[in-house]
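Structure below; questions to follow.
We did not get these values from a lab; they are worked out from the coordinates using the rules stated. Computed from a prediction, not measured in an experiment: that's the story for all the values here. Heads up, the Cβs are rebuilt from the backbone with ideal geometry, glycines too, and the neighbour counts pull from every protein chain shown.
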Amino acid sequence: MRTLAIIGGGSWGTALATVLAPRFAQVRLWVYEADLAGRMAQTRENDVYLPGFRLASNVEVTPSLRQALEDAAIVLVAVPSGFLRGLCLEILPFLQEEVVLVTATKGIEPESLLRPSEIILETVARHRIRGLAILSGPSFAREVASGYPTAIVVASEDAEVAACIQAAFSGSTFRLYTSLDPVGAEIGGAVKNVVAIGAGVVHALDLGHNATAALITRGLAEITRLAVALGGLPQTLSGLAGLGDLVLTCTGDLSRNRAVGAALARGKRLAEITGSMRMIAEGVETTRSARELARRVSVEMPITEQMFQMLHFGLPPQEALRNLMERSLRGE
């Protein structure tokens, strides 16, 4: 497998191009904005989404899907969840036969409540692919591009596909563990962003480490309940794609979702916060989707419910936290 196509030139797609460039003879990075793609081809830097990192010489930047996908044996999709369905329909005519598709997208589609892998399978159903895998786990783009040690999960229902991507992507600073539980990996990767918004509130209100630890722990409990109800495995949520990603997003200063919660706690309006962000905080829309998905499968998710009320109905952050603390008492 000599050619890797990465579809999505945001911070995560660019970081993946940077860390995976030594593993392939050629990496093609598709960037939606033609002007940005042109600058990146000349300067070898993504000055909008990941400034300060130089792309390797074997990374070809292009705004053409046809060009990006030509002869690509592995196609890695790293776009925001809201754009995934439309993009899959666009790339379909250019996919090679027996291609391996990998999604690094985290979220739940609002209308259908489908996970990213389900959206991909639905849109490429008539195309013969070799397999589909999911990348998930604790991985800030800037740290991955910096070469800091990172360990994540590659999940697939097909053990051979998971092993294939593990071998192709793993390197000296980027380590992949295989999993046969795409449901757990995707639910963990999506709903941790919801809990991280709450962690931002706790941080901004200076409520202490006790509160943060409690939020992470109880957040993990409700993420696990949802994943298991959908067919996931509880052990997945105790690993990198669950607890690992949750801890990072709830405590790291690079977390966009944590930043949203912190800004809300400081009195800013949601529209003002999201309007000022260059990159999408997936937790804002995932809060709505996760809430609806939980209702569909009769799973109680109190943190998600309070974040939904706070984000979409203006519930004051202090009141949301008070509602969580004053819920009826029960066993753990």
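In debye, nearest 20, what is the charge dipole magnitude of the range 183-325 about its Cα centre with +1 on Lys and Arg Cβ and -1 on Asp and Glu Cβ, if you could check?
The calculation lands at about 180 debye.
Let me ask another. Residues in the range 10-24 near a label at ASP35, defined as backbone nitrogen under 12 Å from the 7 Å Cα→Cβ point?
Counting backbone N atoms under 12 Å from the label point, the list is empty.
State log₁₀ I(q)/I(0) for the range 3-180 at q = 0.08, 0.09, 0.14 Å⁻¹ as given by the Debye formula over alpha-carbon point scatterers of equal weight, solvent excluded.
Results for the range 3-180 at q = 0.08, 0.09, 0.14 Å⁻¹ read -0.21, -0.27, -0.69.
Which order do peptides 79-89, 180-190 fall in by mean Cβ count within 10 Å, highest first?
180-190, 79-89
Follow-up. Given 0.36 nm per residue, what is the gain on full extension from LEU180 to LEU113 after removing their alpha carbon distance, in nm?
22.0 nm
Ok, one more. Using only the alpha carbons of the range 1-103, what is the convex hull's orientation-averaged projected area in square nanometres?
So the Cα hull casts an average projection of 5.8 nm².
What distance in nm separates the simple spin-label points at ARG278 and ARG295, each placed 7 Å from Cα in the Cβ direction?
3.7 nm
I need the per residue convex hull volume for the chain, using only the alpha carbons, in cubic angstrom as a whole number.
Convex hull volume per residue, Cα atoms: 125 Å³.
At ARG2 and SER238, where each label point lies 7 Å from the Cα along Cα→Cβ, what is the point-to-point distance in nanometres?
About 4.6 nm, to one decimal.
Tell me, what is the percent relative contact order of the chain, built from C-alpha pairs under 8 Å that lie six or more residues apart?
Dividing the mean separation by the residue count of the chain yields 14 percent.
Also, quick follow-up: Run the numbers for ARG128 and ARG322: contour at 0.36 nm per residue of separation, minus the present Cα-Cα distance, in nm.
Using 0.36 nm per residue and subtracting the Cα-Cα distance, I get 64.7 nm.
Along the charge dipole of the chain, which of ALA227, PHE174, LEU207 sits closest to the positive end, that is, farthest toward it, with unit charges on the beta carbon of Lys, Arg, Asp and Glu (+1, +1, -1, -1)?
Comparing the listed Cα positions along the dipole, LEU207 ranks first.
Let me ask something else. Please give the direction-averaged projected area of the C-alpha convex hull for the range 126-277, in square nanometres with one decimal.
Mean projected area for the range 126-277: 10.8 nm², to one decimal.
For ARG218 and GLU332, calculate 0.36 nm times their separation in residues minus their Cα-Cα distance, and state this gained length in nm to one decimal.
So the extension gain works out to 40.1 nm.
Now for a separate question. Distance between Cα centroids, the range 60-100 to the range 1-54: provide it in whole Å.
Centre-to-centre (Cα) distance: 14 Å.
For the chain, with the dipole built from +1 on Lys and Arg beta-carbon atoms and -1 on Asp and Glu ones, taken about the Cα centre, which of ALA73, LEU315, GLN42 lies farthest toward the positive end?
So the residue furthest toward the plus end is LEU315.
Calculated FRET efficiency, ARG44 and SER172, Cβ-Cβ r, R0 22 Å, to nearest 0.05?
For R0 = 22 Å, the calculated efficiency reads 0.50.
For a label point 7 angstrom out from the Cα of GLU157 toward its Cβ, which stretches of the range 207-242 have the backbone nitrogen within less than 15 Å?
Once the point is set 7 Å along Cα→Cβ of GLU157, 230-233 turn out to lie under 15 Å by backbone N, inside the range 207-242.
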